[in-house]
Each structure stands twice: as C-alpha cells, then as structure tokens.
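Input: a single structure, listed below in structure tokens.
The values are calculated or read from the model by the stated rules, or taken from the named source; none is laboratory data. Predicted model, so just to flag it, every value in this text is computed and none were measured. Methodologically, a virtual Cβ is constructed for each residue, glycine included, from the backbone with ideal geometry; neighbour enumeration extends over all protein chains shown.
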Amino acid sequence: MAATEADPSARRSGPRSGGIRFDDVTVAYNGTVVLDSFTLDVAPGEVVALLGPSGSGKTTALRAVAGFVRPASGRVYAGGRDVTDLPPYKRGLGMVVQQYALFPHMRVEQNVAFGLKAQKVSKSEIPGRVAEALRMTGMAQYAKRYPRELSGGQQQRVAIARALAIEPAVLLLDEPLSALDAQLRSGMLAELARLHRELPDVSILYVTHDQIEALTLADRIAVMNDAKLVEVGTARDLYKRPGTEFAAGFVGNSNLLPVTVAECTPHADGSFRARVRITPDADPVTATCTEPAGAGEQRTLCLRPHFLGLAAADHHDNAFPGTVTEVQWRGSAHRIFTDVHGHEVRLDTNELRNPPAIGDEVWLHFSAEDAVLIPAQVAGGSR
C-alpha cells in the first residue's frame, strides 16, 4: 500500500534530508509498552533490518513510521521531516506487507497505478511510472492479468511495484516474504537485493524474524527483544563480534559457554586475547574480546558451530574435550552434538567418511579469531 505525497505545510525540521529516525519512541497499548524508548537512525539509501522474535516490537516500530500507531512519547522522522503528527496518507511512504493487499478486481497495471492516482499524478505521467515499476520488478509482461492469475511470488512483486511507483524516499517492508515457500523466498531475496542496487537513494526499513533475510539484504541489523533495541550493527559485526548473548544467539547459530577469564592481553589488531576456562580445572583456551577483561571475571564464550573442528587427542591446541551425544547426517554435512562439561556444543562440518559414534570422546578445536567473549548476561528471550 502507498501513502500519498505529504502536504507542503508539514514540518521539515528533521535532523537529515532523508532516511528515517526514531527519537526515543515509546508505544503502548492499554498501558502495556510494546516499543520502549526506541532510538535508531536509517541513513538515506541504507537498508536496515529489524530482526527479532514475535512480540519484540519490530512491526510496531515500522507501523510508527507508517503512521498506523501513535507514539506515547518521542518523535518519528521520515525523509527529513517530522511525521509524528501526520496521517499515513500524507507521509509519502511506500509500504509492502506480507498479505500483499492487492485489489482483486483490478488488473496488475491498475493496482500499480492506484497510489499514483491517489497522489493526483497527471494522467499522462502514470503509464510511464507504472511501466517502469513493473520493469524493475520483472512483471511487465503480466500488466493485464488479475491477481488471481498470478503466483504468490508474482503477487508480491506487484505489491512491491505499487510501492515503488510513487517513487518514495522511504520504503517499508513488513515480513514481505514470510508467505512464500523456501524456493520463492530465495528468488525474491535476490530480486530485492537487485532493486536496492537500482534504487541507491531509497531508505529501506525491513522487518523480519528470518536471520537469512536480514544477513542477505541489510546494511545494518537492529536486533530487538521485549520491546527494546538490544544491539545494532553491520551483519558481519553482529555475526563475528556480537556484543550481547541475545544477539549472538539470534543472529546465526551459536554455542554460548560460561567461562572464567584467566588472563587478558592486548593484541596487535587493537582487540584483546583472553585465556579462559570452562571449569576451574580445565585447560585454558584463547578467544578474542573487544575490550579488556580482568582475571576472574565471568564471561560468555561465543563459538559458531561451523568454526569448530575435530582434533586428534594428542594435538589439541586451543581445544577442549567433549562427549558425542548425537550425530546428524545432512547430506553434504554432519552436525555433531557434544557434551562439554555439562553444556551442549554443536559442531557443523563437511560430510565425514567416518563420523564419531555416540559416546565417543572427541576434541573440539577453534581459532582465537573465530571465538569471541561477550558479557555474561542474558538480554532476554531464548538463545
């Protein structure tokens, strides 16, 4: 769905000439806070994914930008304007939702033209804008069809074309691929990435609970839980160097082990290397940390399953022992579950000709650069 062009009397005192800004935004329903003191900037041309479980506040944040919910406090800016007090149809935003919301009695070209007519764009300009939007989404040859004559993926392309036709500075995507099957979703991810390259000046706020979508599309990811912003950063930073247990567990698979710091020293790259123990009598292993940690401090060791390898018992530098509890064959790979001092640790590896058996003792090794220490606290939600 698309809103019409904002009227010229709207305030233009926003902090930047484009993009999106949440300034300490709180939203409450019947006294229950569903978005708590939310502050976030989306730069012009940037794609930011709001990633989190159901009920985390991500859709509420998007609806606050769209104008469908009213903040109890704070301000919302879009396209360089304070839009907090504007109704949705005056915000000039493009929006795509998971239900597509196409008009069944209208042909594809009529659906795409709907927002332009609502904006009172001149009749002579509408056909060209519709044709361009359909070209960008690969739907030009379906212009005369009705929604019922299209697949789910094609209907979603039409919804995106309709949002793009009004040439918005801000595009809001609310779990747009969740209704598609896995194969269609993969194809649409590639299409959305291509569209972003074609529209480098459009700011995109993308709501999803699917980490693959977020990692694939977003310049930055804002991880949310319990109505709050937990952590924000680039996909690579959140994956390689998460700062919280919740982000480490939600962005990619991870093993999270409680450890005690034995020593910590500066490293040439500006980070630190810490020697840590899983139990007081265990051999120490080395991991990376972004800030110094004192001896005796409790931290959490984050290890991605595919960064772990199997080592021989007589060669276990930077490794710890575990007992195999389950082995899963996944075609081209094995996932091995182990018990390490009472904690489950998963290892993902290429298919093994002779995988270990349940009950076998194995050594799990890793590089210090692939392991990171984070504060020993749970930000909320499941790992």
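ALA313 satisfies every condition listed in (1) surrounded by 12 or more Cβ atoms within 10 Å (Cβ to Cβ); (2) aliphatic (A, V, I, L, M); (3) at pLDDT below 90 except (1). The conditions of being surrounded by fewer than 16 Cβ atoms within 10 Å (Cβ to Cβ), assigned by TED's automatic domain parsing to the domain that holds ALA268 and touching a residue at least 60 places away in the same chain (Cβ under 8 Å) are not met by THR325. Suppose the filter is closer than 27 Å to ARG63 by Cβ, assigned by TED's automatic domain parsing to the domain that holds ALA190 and aliphatic (A, V, I, L, M); does VAL83 pass it? Against the criterion (closer than 27 Å to ARG63 by Cβ, assigned by TED's automatic domain parsing to the domain that holds ALA190 and aliphatic (A, V, I, L, M)), VAL83 qualifies. Taking GLN141, is it more than 26 Å from GLU46 (Cα to Cα), of a type outside the set (A, V, I, L, M) and either in a helix (DSSP H, G or I) or assigned by TED's automatic domain parsing to the domain that holds LEU50 (or both)? Yes: the conditions hold for GLN141.
So, PRO71, is that one surrounded by 17 or more Cβ atoms within 10 Å (Cβ to Cβ), touching a helix residue (DSSP H, G or I) at 6+ places or on another chain (Cβ under 8 Å) and more than 25 Å from LEU177 (Cβ to Cβ) or not? Taking the combined requirement at face value, the residue satisfies it. In the range 206-221, the qualifying residues are those that are touching an Asp or Glu at 6+ places or on another chain (Cβ under 8 Å) and in a strand (DSSP E or B), and the one that is farthest from GLN98 (Cα to Cα) is ARG220. For the range 112-137, a residue qualifies if it is within 29 Å of the chain's Cα centre (by Cα) and crowded, with 17+ Cβ neighbours inside 10 Å, and the qualifying residues are VAL112, GLY115, ALA133, LEU134, MET136, THR137. Scanning the range 253-296 for residues that are more than 27 Å from ALA235 (Cβ to Cβ), touching a residue at least 40 places away in the same chain (Cβ under 8 Å) and surrounded by fewer than 18 Cβ atoms within 10 Å (Cβ to Cβ) returns THR279, ALA282.
Which one is farthest from the chain's Cα centre (by Cα) among residues in the range 297-306 that are crowded, with 17+ Cβ neighbours inside 10 Å and closer than 14 Å to ARG335 by Cα? Out of the qualifying residues, it is PRO305. Residues that are outside any loop (DSSP other than H, G, I, E, B) and among the β-branched types (Val, Ile, Thr) were ranked within the range 160-205; the one that is nearest to GLN99 (Cα to Cα) is ILE160.
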